[in-house]
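Heads up, the thing below is written out as structure tokens.
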Amino acid sequence: MNWLALILSLTILVATHELGHLLFAKLFHTRVRRYYIFFNWQFSILKAKKFGGKWHFLWFNAKTPDSWDEKNLAPEDQDNTLWGLGWIPLGGYCDIAGMIDETKDESDLEEEPQPWEYRTKPAWQRLCIISGGVLVNFITALLLYGAIFAHWGKDELPMHSATLGFQYHQVMLDEGFQNGDLICAIDGQEVDDYMEANKMLLLGNARQVSVRRGDSLVDVAMSGRLVERVNNERVKQLMSPRIPFVVKSFVAGSTAEKAGMLPGDSLVSINGVHMAAFDEITAALAGHKGETIVVGFYRDRIPASLEVEVNGAGKLGVQCETDIARLFPDVRHIDYTLFQAIPAGISHGWETLMTYVSGLKMLFAPGGAQNLGGFGAMASLFPDHWDWQAFWNLTALLALILAFMNIIPIPGLDGGHIVFTLWEIITRRKPSDKFLGYAQSVGMFLLLALMIFANGNDLWRWLSSKF
């Protein structure tokens with residue numbers, strides 16, 4: 001399911017990115033010969049083009065008929081674009097006439113520059129055309145975040161409202177944290193925002209963290225190796241709010257249901273030993289496989305207890321509540337009108353982009369390169385069940401990442417074309433088509449090597465988990 005979600009997300013992002021190039025090209029009367037979602041090496045799932053007053057379609061086609069070539073069409077049809085769907089879901093392209101890119105080199109250009117070609121347009125128009133994809137991806141992300149806020153709203157849980165404290169990854173436990181600690185300040189700066197605390201720990205080179213542990217305030221001295229260990233052990237989450245063990249529903253054959261437990265019961269002890277957090281209770285249950293235990297719980301704020309048999313897997317046969325808004329009374333749910341959601345989406349999108357850009361420095365820390373991931377890593381971001389809110393959130397995030405990665409000044413990416421065009425505007429000297437062709441080849445080699453390395457990391461991690 002997560003692979004299907006990734007493919008759908010990439011389809012949307014590739015379509016909008018290439019549409020940005022196409023719209024600006026059409027605005028400046030530049031021909032777009034082909035618009036493709038996914039690559040079509042040797043084969044296309046679908047081709048469509050309008051000429052002669054009607055649409056023509058080709059399914060599962062390897063070669064486009066000569067009758068579709070713009071040179072063989074009537075003058076009024078020569079500007080029409082061929083729309084296609086390829087079979088390799090690694091991207092897409094917009095074949096703009098007179099432009100050296102991943103689809104063609106200098107030898108593919110017309111002998112004489114034509115007025116409807118990219119290369120004959122003023123530099124400022126070419127800058128708009130090549131920046132169109134990045135711009136549309138960025139706008140898409142902001143609109144998606146705005147739509148998410150308008151439809152679902154937003155839940156906010158201040159760190160101090162996590163009454164059971166936080167559950168920490170082993171790398172944090174090794175630094176001196178304990179499960180249940182509540183972070184109050186980092187390097188003397190008070191912090192009550194979960195995401196901000198993560199950024200300060202990973203990107204701010206934190207040295208000392210003050211935590212509330214029980215009724216005491218304790219200082220944890222950081223080793224300075226947190227980022228290195230996070231990279232080496234590929235830690236996805238440093239900490240998460242500890243949640244209570246609240247029964248939501250029962251699975252078939254549940255021993256808890258047979259014993260008389262009801263949805264909404266909140267477990268607080270096992271055999272008289274107090275433990276309110278979900279992780280503590282599940283760990284304790286695993287130590288009583290096949291035994292009958294006394295479970296203490298609250299039902300409508302009234303304490304009660306039952307004898308319950310733990311099954312052979314160390315479970316009670318219950319599904320627990322995971323909705324933060326239901327578990328913590330201090331969660332603040334914010335509903336947005338459409339006009340409120342738009343600026344909130346813009347602000348959230350910008351903050352997300354800045355956090356992502358800041359986080360890239362972790363790649364240059366020890367062990368950072370091994371955390372580069374390809375399509376497997378992206379697919380793992382999506383849940384293994386269909387969740388529309390998660391899907392659109394991740395699609396918005398990937399849109400921001402795609403926009404940023406494409407703006408990097410590497411030949412072969414939009415950023416490389418932007419740099420060459422800006423150079424032309426500043427110096428009033430245009431790089432030759434031969435130079436652009438060589439630069440494009442070098443850039444594509446670098447990008448291919450990076451793609452092989454990133455996806456090789458995915459393959460190695462998958463093989464390591466299997467053997």
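The values are calculated or read from the model by the stated rules, or taken from the named source; none is laboratory data. For clarity, every value in this text was computed on a predicted model and none was experimentally measured. Please note: Cβ atoms are built from the backbone with ideal geometry, for glycine as well, and neighbour counts cover all protein chains shown. Surface accessibility is based on the protein's heavy atoms, side chains included, excluding ligands, DNA and RNA. Shrake-Rupley method; radii C 1.70, N 1.55, O 1.52, S 1.80 Å.
Per residue, how big is the convex hull of the range 293-357 when only Cα atoms are used? Give it in Å³.
171 Å³
Could you tell me which of rounded, prolate or oblate describes the range 239-320, using a ≥ b ≥ c as the square roots of the eigenvalues of the alpha-carbon gyration tensor, with rounded for a/c under 1.5 and, failing that, prolate when a/b is larger than b/c and oblate otherwise? Show your work: numbers first, answer last.
Values: a/c = 1.27, a/b = 1.11, b/c = 1.14.
Note, shape of the range 239-320 comes out rounded.
Keeping all protein chains in place, calculate the accessible area per residue for the chain (probe 1.4 angstrom), answer in Å².
I get 54 Å² per residue for the chain.
Output the peptides 85-92, 126-133, 331-338, 241-248 sorted from most to least packed, where packing is the average of other Cβ atoms within 10 Å over each peptide's residues. Kindly include the intermediate steps, with their values, before the conclusion.
Working: 85-92: 17.1, 126-133: 23.5, 331-338: 12.6, 241-248: 19.8.
Per-residue Cβ counts within 10 Å, averaged per peptide and sorted highest first, yield 126-133, 241-248, 85-92, 331-338.
Across the range 421-436, in residue order, what do the Karplus-derived ³J(HN,Hα) couplings come to in whole Hz, using 6.51 cos²θ - 1.76 cosθ + 1.60 with θ = phi - 60° and x for Gly and Pro?
5, 5, 4, 5, 5, 6, 8, 6, 10, 8, x, 5, 4, 5, 4, 4
Probe radius 1.4 Å, ligands and nucleic acids left out: which of MET222, MET195 has the largest accessible area, and how do the rest follow? Please report the intermediate quantities before stating the final value.
Working: MET222 20, MET195 115 Å².
Heavy-atom accessible area, descending, gives MET195, MET222.
Would you give the gap between the C-alpha center of the range 218-254 and the C-alpha center of the range 16-56, rounded to a whole Å?
Result: 47 Å between the Cα centres.
From Cα pairs below 8 angstrom and at least 6 apart in sequence, can you work out the relative contact order of the range 120-238, rounded to a whole percent?
21 percent
For the range 222-270, what's the relative contact order in percent, using C-alpha pairs closer than 8 Å and at least 6 residues apart?
Taking the mean separation of contacting Cα pairs over the length of the range 222-270, I get 35 percent.
Please give the helix 338-359 orientation as an angle from the longest Cα principal axis of the chain, in degrees from 0 to 90, rounded to the nearest 10.
90 degrees
Kindly provide the trypsin sites (Lys or Arg not before Pro) of the range 390-467 that DSSP labels as loop, not H, G, I, E or B, and whose Cβ sees at most 15 other Cβ atoms within 10 Å.
On the way: sites: ARG428, ARG429, LYS434, ARG461, LYS466; in loops: ARG428, ARG429.
Answer in residue order: ARG428, ARG429.
In the chain, once you exclude exposed GluC sites (Glu not before Pro) (DSSP loop, at most 14 other Cβ within 10 angstrom), what's the longest stretch remaining?
Between exposed loop sites, the widest span is 292-467.
Using a/c under 1.5 as the rounded threshold, could you call the range 1-154 rounded, prolate or oblate? The axes a ≥ b ≥ c are square roots of the C-alpha gyration tensor eigenvalues, and prolate needs a/b larger than b/c, oblate otherwise. Can you show the working numbers first?
Numbers: a/c = 2.03, a/b = 1.38, b/c = 1.47.
Oblate shape, in that a/c is at least 1.5 and b/c is the bigger or equal ratio.
Kirkwood Rh, Cα Rg: Rg to Rh for the chain?
Numbers: Rg = 28.1 Å, Rh = 26.4 Å.
Rg divided by Rh gives 1.07.
What is the set of long-range amide H partners of LEU82 at a cut-off below 5 Å, with H atoms built 1.01 Å from backbone N?
ARG34, TYR35
Bins of 5 Å, beginning at zero and ending with the bin holding the largest distance: percent of Cα pairs per bin for the range 1-43, please.
5, 19, 22, 19, 17, 10, 5, 2, 0
Once the principal axes of the Cα atoms of the range 179-276 are found, what is the range along each, listed largest first in whole angstroms?
Reported extents, whole Å, longest axis first: 52, 33, 23.
For the range 73-184, just say rounded, prolate or oblate: build the C-alpha gyration tensor, square-root its eigenvalues into a ≥ b ≥ c, call rounded for a/c under 1.5, and beyond that prolate if a/b exceeds b/c, oblate if not.
prolate
Output the peptides 62-69, 160-167, 410-417 sorted from most to least packed, where packing is the average of other Cβ atoms within 10 Å over each peptide's residues.
Peptide ranking by packing, descending: 410-417, 160-167, 62-69.
At 1.4 Å probe size, with the rest of the protein present, what percent of the exposed accessible area of the chain is carbon and sulfur atoms?
Carbon with sulfur: 60 percent of the solvent-accessible area.
What are the aspartates and glutamates whose alpha-carbon lies under 13 Å from the alpha-carbon of LYS289, with same-chain residues fewer than 8 places away excluded?
Candidates past the 8-residue exclusion: GLU309.
Which pairs, out of LYS121/LYS434; LYS47/LYS71; LYS47/LYS434; LYS49/LYS71; LYS50/LYS434, put more than 22 Å between their alpha-carbon atoms?
Working: LYS121/LYS434 18 Å; LYS47/LYS71 18 Å; LYS47/LYS434 31 Å; LYS49/LYS71 14 Å; LYS50/LYS434 34 Å.
The pairs that break the limit, which is 22 Å between Cα atoms, are LYS47/LYS434; LYS50/LYS434.
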